[in-house]
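These notes are about the structure you will find just below.
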Amino acid sequence: MARAGELPARAAPARPLGVVLAAGLFVVSAVLRWPLVLGPPRVESGLSYAVSIVGLAPAVVLGWLVKRRAPASPVGTALAWVGAAPAVVFAVEDWGQSAVSDHPWPGAVALFVVQGGAWVWVLAGFAALCLVFPDGLLPGRRWRITAALGLAAAVYLNVAVSLDPDSHRQHGRVITAGTLHLPAPVRFAELTVAYGGFLAVLVATVVSLVVRYRRGTELVQLQLRWLMLGAGTVPVLLAAGWAAELGGASVNVAYTGFLVAMLVIVPAAIVVAVLRHDLLDIDRLLGSSLAWLLTSLVSAAIFAVVVLAIGDLAGSRTGVTAAAFVAALALLPLHRLLHTAVGRIVDRERTVLAAQLDSFVRQVRDGQAEPEGVEAVLRAVLHDPRLELLLRLPGADSLVDLAGEPAHPDPSRTTIPLHTNDIDVGVLVLGAPSARRNRRAREALVRARLPIEVSRLRLQLRAALRDAQDSRARLLVAGADERRRLSRDLHDGAQQQIVAVGMRLRSAQRLLQPGQPAYADLDLAVQALENTIGELRRLAHGVRPSRLDEGLGAAVVALVADSPVPVDVDVTDAPIAEPVATTAYYVIAEALTNALKHASATRIGIRIEPNTAGLCIEVSDDGVGGATNGYGLTSVRDRVDGLGGRVRLHSPPGAGTTLNVEL
């Protein structure tokens with residue numbers, strides 16, 4: 001434990017002893033085999049020797065590379081032994097094979113006995129790699145026991161095969177008689193247990209991969225997919241080797257692909273999984289590979305079944321033709337079915353992503369979901385809560401979010417541009433970028449193009465409507481200001497001047513006698529001026545009611561003062577903008593006129609109160625009802641729409657009329 005004030009000691013870096021030992025044994029094995037190949041024993045050809053060295057070396061080199069880049073990981077050591085273990089086995093086999101030559105090496109007979117079952121150690125590195133990849137043995141005693149049992153099973157199988165008398169004969173010659181002679185049933189049981197135990201250990205290694213995959217994080221699962229992709233080539237090439245051997249090819253030629261897969265492809269996949277796990281779209285690659293493999297196997301089975309079923313009935317050539325025809329018909333739908341099934345298992349994330357996005361797109365198309373919800377769906381399917389979808393409106397340089405608010409993405413974050421026919425639609429900003437998530441995001445954007453485009457069009461439409469409403473509101477404000485100025489000019493300008501002229505005429509009239517002709521003319525002129533003043537007052541009132549100078553409430557009370565029907569007025573005093581007050585006054589006047597003319601009402605109510613949206617007006621009566629959009633409501637709607645308001649009419653026949661207006 002570190003003392004107070006001291007930093008805790010760093011953990012000592014893992015020493016690459018296992019990799020060094022594997023590399024050393026690989027070099028020693030290669031050196032030992034050299035004289036066995038070129039010297040008098042000549043146990044194998046130089047080409048086979050060179051191919052084995054070239055094939056085994058990459059695993060050792062890649063193991064060293066992984067150990068250097070990830071010192072704490074046991075994967076590098078296991079990977080090095082993938083190449084070193086076969087090298088040692090090949091050296092033991094070559095040395096033992098010198099016992100059947102004219103120039104045997106010292107101890108060749110003993111190694112000939114051992115090499116009979118030494119082939120089991122070729123898989124030692126691969127089995128260890130499956131047990132420890134990618135972060136060591138799984139926790140729990142049973143996996144340590146599994147590793148120990150694997151070692152014991154390999155030793156037991158090696159001993160059982162090496163002591164089998166049949167393995168000590170070659171080309172009809174008995175190399176050594178020092179074997180363990182057992183009764184045939186006992187020997188059969190011994191070999192059955194040996195092979196069965198070893199097979200059980202191999203199955204356990206596969207089970208460990210499955211358990212690790214189910215328990216692992218997203219990163220671990222992605223790394224295991226690389227191992228699955230590399231290891232998946234091993235049985236395919238092994239089957240190809242069997243077919244080639246049956247076709248007459250030599251063992252070295254037939255199984256070259258198998259050795260390349262196990263010693264080159266698998267190590268390369270492991271290196272990518274450890275160092276560059278998101279290098280390629282491994283899920284799709286693995287899913288497609290497995291789907292085609294299963295399709296090939298099932299198609300071959302269909303072909304064989306059809307041949308066996310009708311071959312004897314219609315002749316071999318007809319049976320083969322029919323089988324080929326049936327297999328061809330089943331190939332495409334079978335591949336689609338298997339590709340979907342494999343995708344749900346191997347590439348479940350992409351399958352879920354596609355299903356959720358397709359479901360959301362259908363809901364948007366059917367009107368069951370709002371397209372602006374696409375951002376939330378993308379966050380869910382990409383597991384990125386900080387993801388942002390920003391759009392660019394036509395003709396605009398800046399970006400906006402789905403609510404239409406200006407947005408400025410962080411330059412340090414990864415962005416994926418959105419384009420439609422060379423048109424810049426916007427960007428997708430990722431909160432937790434990676435090569436894998438970037439690929440997923442591009443696929444998601446392709447599937448979510450419809451709601452994205454609809455959201456952009458709706459934003460554009462809302463912006464256009466907002467501009468139109470703002471423009472109309474500005475025109476109303478300008479019109480109200482102009483009416484106020486005109487009313488003031490009429491009152492303070494022309495009206496006062498006419499009053500002054502009338503007063504001068506009255507002064508001149510007093511200088512004349514009532515009986516004079518000019519006296520009567522001046523009297524008519526003054527009367528005409530008074531009529532003109534009345535007309536000007538009427539015009540000024542039509543431009544803007546002067547009653548509004550004292551407030552909307554006072555103006556409404558004055559408006560209903562001469563009503564022949566009782567009117568109840570309920571006004572809540574509050575500051576009201578000039579365009580709103582003017583529009584409210586005319587709306588109330590129009591509604592009152594309609595009620596007096598058409599409703600046959602005995603009582604009318606007017607209520608005015610502000611709310612969060614602006615001003616709420618209600619004009620109701622107890623008349624005959626049945627009002628429609630006629631009866632003067634057209635002008636009311638035009639005035640209200642000018643301020644972006646709303647009109648609602650409720651007028652059932654015989655139950656009165658209620659007009660609700662929000663400004």
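Summary of computed values
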{"read-out": "Under 5 Å, built H, 5+ apart or other chain: amide partners of Ala407", "value": "Leu399, Val400, Asp401"}
{"read-out": "Rounded to the nearest 20 debye, dipole of the range 84-173 from Cβ charges on Lys, Arg, Asp, Glu", "value": "380"}
{"read-out": "Order of exposure, largest accessible area first, which applies to Thr572, Thr583 with probe 1.4 Å", "value": "Thr572, Thr583"}
{"read-out": "5 angstrom amide H check on Val571, placed H, neighbours 5+ away", "value": "Ile608"}
{"read-out": "Exposure of Ser471 as accessible area (Å², to 10), given a probe of 1.4 Å and all protein chains", "value": "50"}
{"read-out": "Surface share of carbon and sulfur [accessible, 1.4 angstrom probe, percent] for the range 413-475", "value": "56"}
{"read-out": "Nearest-10 value in Å² for the accessible area of Ser45, using the 1.4 Å probe", "value": "60"}
{"read-out": "Whole-percent carbon and sulfur share, accessible surface of the range 541-663, 1.4 Å", "value": "49"}
{"read-out": "Amide H within-cut-off set for Leu615, under 5 Å, with H built and near neighbours excluded", "value": "Leu663"}
{"read-out": "Exposure rank, largest accessible area first [Tyr156, Tyr519, Tyr213, Tyr49; 1.4 Å]", "value": "Tyr156, Tyr519, Tyr213, Tyr49"}
{"read-out": "Cα shape, the range 399-475, gyration tensor, a/c 1.5 rule", "value": "prolate"}
{"read-out": "Order by protection proxy (mean Cβ within 10 Å, highest first), peptides 52-65, 196-209", "value": "52-65, 196-209"}
{"read-out": "Heavy-atom accessible area ranking, 1.4 Å probe, most first, across Trp119, Trp105, Trp34", "value": "Trp34, Trp119, Trp105"}
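The values are calculated or read from the model by the stated rules, or taken from the named source; none is laboratory data. Everything quoted here is computed from the prediction, not taken from an experiment. Note that each Cβ is placed from the backbone with ideal geometry, even for glycine, and that neighbours are counted across all protein chains shown. With ligands, DNA and RNA removed, areas are computed over all heavy atoms of the protein, side chains included. Shrake-Rupley method; radii C 1.70, N 1.55, O 1.52, S 1.80 Å.
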